[in-house]
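Just so it is clear, none of the values below were taken in a lab; they were calculated from the coordinates. Quantities reported herein were computed from a predicted structural model and do not represent experimental measurements. Reconstructed Cβ throughout: ideal geometry from the backbone, glycine too, with neighbour counts over all protein chains shown.
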Protein chains: 2
Amino acid sequence: MNRPKLQDVAARAGVSVATASRVLNNRGYLSDDIRRRVDEAVAELGYRPNEIARSLIGQRSALVGLIVPTVADAFFGELATHVEGALAQRGYKMLLCDCHNTPEREEKYLDLLQGNRVDGIITSTHNRNVAGYGRADLPIVAIDRRLGEQIPTVRSDNRTGGFLATEHLIARGSRSAVHITATDHPGNERAAAYRERMAAHGLEARVMAYGFGASVDERRAAIETWLTVNPCDGVFASDDVTALMALDWARKTGRRVPEDLRIVGYDGSAALHTAVPGLTTVRQPIERMAVRAVEVLVARMTDATASVEQEPPLPVELRHGWTS
Amino acid sequence: MNRPKLQDVAARAGVSVATASRVLNNRGYLSDDIRRRVDEAVAELGYRPNEIARSLIGQRSALVGLIVPTVADAFFGELATHVEGALAQRGYKMLLCDCHNTPEREEKYLDLLQGNRVDGIITSTHNRNVAGYGRADLPIVAIDRRLGEQIPTVRSDNRTGGFLATEHLIARGSRSAVHITATDHPGNERAAAYRERMAAHGLEARVMAYGFGASVDERRAAIETWLTVNPCDGVFASDDVTALMALDWARKTGRRVPEDLRIVGYDGSAALHTAVPGLTTVRQPIERMAVRAVEVLVARMTDATASVEQEPPLPVELRHGWTS
């Protein structure tokens, strides 16, 4: 089997080997005509670059690691799709590091990715206290998470999200809405905005935190118990899954939604919107967050000395459905 | 920066370099004590194998490509999680090739994966007519899809799934249930089982196919139109997303579920079960399918001459909720 070489591609396209290489590596400015000719030659000859050899020669693996809690979650699955798409467009392949929601795996993946000489890492996990990021000597971008001064964070506007959800519930007539979240830590801007808006309207703020370590069943049980014990006329949930747990509790206990209980979720993933289109939610710009994370990472991989800029938060919006 | 070498690990663990290498590559039988000593030495020294160099030396990249329609879908997101976990347990990393539901990307990924010298490919896409698989000179395993004589298929028991769903609807009193699916092709065993069971009870079978190429909005519109025009008292949907579209249509048009319309979905992904726990569905053993696909692939990567065995289908089960 005689594999076509880069020289063959260049000859067929009528360009130099250096130019053919630049097209294949997507480097430098090239005319559309030259790109087309090289692409056609690649297709006609069935040329496949040996990328492992290329990564050793060029000191680039063209690999980026994505660390996520789990792609089985609708939000992170959608995020992973768009990160992968944005990387592919720029010539990078993506190693999926799925933590199955455990911090131990996250630490292990950080080590693995560095041993494997990926070009960079995008991380979107929620585990706190993972020590590895401080030691990392690779470009890293975090999504919706503060890891340190030297690591850029791409996020959407959590403060405005909390504002929109709370003001919406109050405008619809809710007077005793609860905020349900994983952990009520000082950096939780959605919870802070909820407290601020409730106080601004002279209403009592109550934050119910079920805990990051809780399993789905434990979370559901904690939420159902809280809602049964504590009268309230609204739920602002920090994610759509939690909002849907409140909706299911209302159905089981005979509460009318929205008359007895108004429910607002958060995230707005396509999968859950398709499943329950009527859920009111604060939509994060998931694709924009993914693309921006890739842009920032590629900039740092290209120039490691680039200063870390504070990224402005990306805009969110409220999508109104029948649950509120 | 002085990176620790394999020699340092072996010396610290008090084993030979060959033994340390076997532990790190997870090859051959080794005592728990030796494994533990080498693991401890790796942790103490912060040793990281250079896997790119290792892949060139050993002709292994320790990389497997997973081709999926998109991990933004609850079923494929859960499948990807478990494939990744099963591969990681066996020392492989996973390149995620997310096709964003387009056949063009699938073909491109097949080429890319071969150029990239992955050790093997697991594919779970639904696109038909992708030509690349016939040309592939790598071990491939398909999930729920027939690609050719030389490519093993791991799947669950679609015939029994169609049987369970249809018999359940009939046992609950449904007499005019429709089967809604993407395409009603001859290999569609769920549709075949539905037709067979309807006929066995003397009932008229109707299959509504919305088409693989349909967007989510097009699918929803087609289903809502069909349900509005054609009276029926039951829906057996070929996936949970479609079942939830029928449920939303019933809510919008004032049909009572299950009294006026009984609804059964298919797949039983954890994400949609968490979102709508009351949906009756046929659960595929997603984790078992993922693990089995990895086992079959690893066997073929280890011994390329192994004969392709027909895999027995994995068992499904009906989970009964309030929608039926």
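Couple of notes before you dig in:
- Measuring nothing but alpha carbons in the protein assembly as shown and taking Rh as the Kirkwood radius, the Rg to Rh ratio lands at 0.98.
- Among the trypsin sites (Lys or Arg not before Pro) within region A:239-289, those in coil by DSSP and having at most 11 neighbouring Cβ atoms inside 10 Å are A:ARG256.
- Extent along principal axes [Cα atoms of region A:158-283; Å; largest to smallest]: 33, 32, 31
- 10 Å Cβ neighbours from other chains, averaged over peptide B:241-252: 2
- Relative packing of B:190-202, A:215-227, which averages over residues the other C-beta atoms within 10 Å, highest first: B:190-202, A:215-227
- Region B:303-321 and region B:197-215: distance between their alpha carbon centers, rounded to Å: 25 Å
- With contributions of -39500 (n - 2.57) from each DSSP H run of at least four residues, the per-residue ellipticity at 222 nm computed over chain A stands at -14000 deg cm²/dmol.
- Förster radius 56 Å - calculated FRET efficiency between A:LEU203 and A:GLN89 (Cβ-Cβ, nearest 0.05): 0.75
- Label-point separation in nm, B:LEU45 to B:GLU311, each point 7 Å along Cα→Cβ: 3.8 nm
- Convex hull of region B:229-324 built on C-alpha atoms - directionally averaged projected area, nm²: 7.9 nm²
- Inter-chain shielding of B:268-274 (mean C-beta neighbours from other protein chains, 10 Å cut-off): 6
- Neighbouring Cβ atoms from other chains, within 10 Å of the Cβ of residues in B:86-97, number 4 on average.
- Peptide ranges A:40-46, B:294-300 listed from the most packed, as the mean C-beta count within 10 angstrom indicates: B:294-300, A:40-46
- Protection-proxy order for peptides B:160-166, A:104-110, each taking the mean of Cβ atoms within 10 Å per residue, highest first: B:160-166, A:104-110
- Relative contact order of chain A, defined on C-alpha pairs under 8 angstrom at six or more residues apart (%): 17 percent
- Taken along the Cα-to-beta-carbon direction at a fixed 7 Å, the label points for B:THR102 and A:LYS5 span 3.5 nm.
- Taking the DSSP beta bridges with both ends in the protein assembly as shown, the antiparallel portion is around 10 percent.
- Length-normalised contact order of region B:158-283 in % [C-alpha pairs under 8 Å, at least 6 apart]: 26 percent
- The alpha-carbon of B:LYS108 sits under 12 angstrom from the alpha-carbons of these aspartates and glutamates, leaving out residues fewer than 8 places away in its chain: B:ASP98.
- Calculated on alpha-carbon atoms, Rg and Dmax of chain A in Å: 23.8, 78
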